[in-house]
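Taking it in order: structure first as structure tokens, then the write-up.
Only the coordinates and a few stated rules stand behind these numbers; no lab work does. Being a predicted model, the structure only gives us computed values, none of them experimental. Virtual Cβ from ideal backbone geometry, glycine too; neighbours counted across all protein chains shown.
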Amino acid sequence: MKTILVTGGAGFIGSAVIRHLINDTDFNVINVDKLTYAGNLESLNSVSNNNRYTFEQVDICDALEIRRVFKQHQPDIVMHLAAESHVDRSIDGPGEFIQTNIVGTYNLLEQARHYWTALEQSKKTGFRFHHISTDEVYGDLEGTDDLFTEETPYAPSSPYSASKASSDHLVRAWQRTFEFPALITNCSNNYGPYHFPEKLIPLVILNALAGKPLPVYGKGNQIRDWLYVDDHARALVLVATKGVLNETYNIGGHNEMQNIDVVLNICDLLEELAPNKPTNVGSYKDLITYVTDRAGHDIRYAIDASKIQNELGWTPQETFKSGLRKTVQWYLNNQTWCNHVLDGSYKLPLANK
Ligand code: NAD
């Protein structure tokens, strides 16, 4: 039985990848996560008792610990998702983004390269390293109808996207210089269950249910290409296991939508699915509040995902309409998860709950 080591597996996308790996494959899964504010083991409650799942609370910047994890668990595949991921936080304090996204990726690459070299020497081949990245590395498509392809030049705008671009460049350098067996994926904005409520969609759902303002940056005219997180998780496992080494694959849902329309759609769904509103709320839409735009905010991202569709046969299962309905319903059905995130108790050791 093969083993996949997932970094950042307690995060939003990493936990979706692990649930998919445990539920739909027979891989052993090692989850390496530092448990920053964004790491939530409660997102893995449905699979954490499975005997194919192991958790290691480790910082990817810690060389000795990462070396130990490789030696102890002997992974066949690494899926690297651990990162600082929130653009606003990268503007308030870029240091952690440089440390985890650049230095951490460098450290992981080096430990993986030494491990892989030893494997090759003992004639065990087949090791693969999959680096998970974002479409934000390509910059802004404002004023064009263009789509990002795998050949689009890098032009990151924020400290977050610059740190992810740096990590992509490191992986490509390791591929070329050391012939390190790696792949890269760049994906558009994800949404879905277990999303931390600092990001637009869960923030709007939970604020609306609490009768709080729904903050929209600028005029809300920023366009993002939304992908349901479970569609991303399936794409990632496909690339990690079947993608061609040294290749890059763009992943996206062909769901371009202005932020204000996302917010209006959520309000409409809540009117239907949660009609019993807080007493201060007439219509959920009345809570929309326009706030000063984010510095350097990119206006439009859009992905050309034809390569992964044509070469690996991946297609998204959800439309934005079906995925958003599922997402809103999930937040309504999972009050315990939401309450533990909102009151901070998700950070307590499980034994203290
Ligand atoms: P997230 O913030 O929800 O989760 C990140 C996880 O990494 C957390 O569990 C955190 O505890 C862990 N982590 C952070 N620093 C660490 C460290 N030093 N060592 C070990 N673990 C650490 O992020 P996400 O939204 O799940 O994104 C996962 C990856 O996918 C990131 O690399 C991100 O750049 C990329 N990505 C995200 C999106 C999106 O829309 N969310 C889109 C495309 C690509």
task: Take every Cα-Cα distance within segment 141-246, group them into 5 Å bins from 0 onward, and report for each bin the whole-number percent of pairs it holds.
output: 2, 9, 13, 19, 20, 16, 10, 6, 3, 1, 0
query: What ranking of His195, His340, His80 emerges when the number of other C-beta atoms within 10 Å of each C-beta is taken as an exposure proxy, fewest first?
result: His340, His195, His80
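At 4 °C and a viscosity of 1.567 mPa s, what translational diffusion coefficient does Stokes-Einstein give for segment 294-345, taking Rh as the Kirkwood radius over Cα pairs? Give it in µm²/s as a whole number.
Values: Rh = 14.7 Å.
Result for D is 88 µm²/s.
Based on the Cβ-Cβ distance of Gln57 and Ser306, what FRET efficiency does E = 1/(1 + (r/R0)^6) give at R0 = 25 Å, to the nearest 0.05? Write out the running numbers ahead of the final one.
Values: r = 39 Å, r/R0 = 1.58.
Between Gln57 and Ser306 the formula returns 0.05.
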Ascending count of other beta-carbon atoms within 10 Å, so fewest first, for Arg128, Arg89: Arg89, Arg128
Exposure proxy ranking, count of Cβ atoms within 10 Å, fewest first, for Glu318, Glu56, Glu151: Glu151, Glu56, Glu318
query: Lysine pairs in segment 178-285 8 or more apart or on different chains: how many have alpha carbons under 24 angstrom apart?
result: 8
message: Counting each pair of different Cα atoms once, what's the Kirkwood radius of segment 252-338 in Å, rounded to one decimal?
response: 15.8
For the chain, calculated [θ]222 nm from helices alone, where every DSSP H run of n ≥ 4 adds -39500 (n - 2.57): -12000 deg cm²/dmol
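How much of the calculated P(r) for segment 1-71 lies past 14 Å, in percent of all Cα pairs?
Values: 1329 of 2485 pairs.
Result for the distance tail: 53 percent.
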- line: Inverse of <1/r> over all distinct C-alpha pairs of the chain, i.e. the Kirkwood Rh in Å, gives 20.8
query: In terms of Cα to Cα distance under 18 Å, which aspartates and glutamates are near enough to Lys326, apart from those fewer than 8 places away along the same chain?
result: Asp225, Asp230, Asp231, Asp261, Asp268, Glu271, Glu272, Glu318
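Can you give the Rg to Rh ratio for segment 22-181, taking only C-alpha atoms and Rh from Kirkwood? The partial results should precede the final answer.
Numbers: Rg = 17.1 Å, Rh = 17.2 Å.
Computed over Cα atoms, the ratio is 0.99.
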field: Cα-derived Rg over Rh, computed across segment 46-100 with Rh taken as Kirkwood radius
entry: 1.06
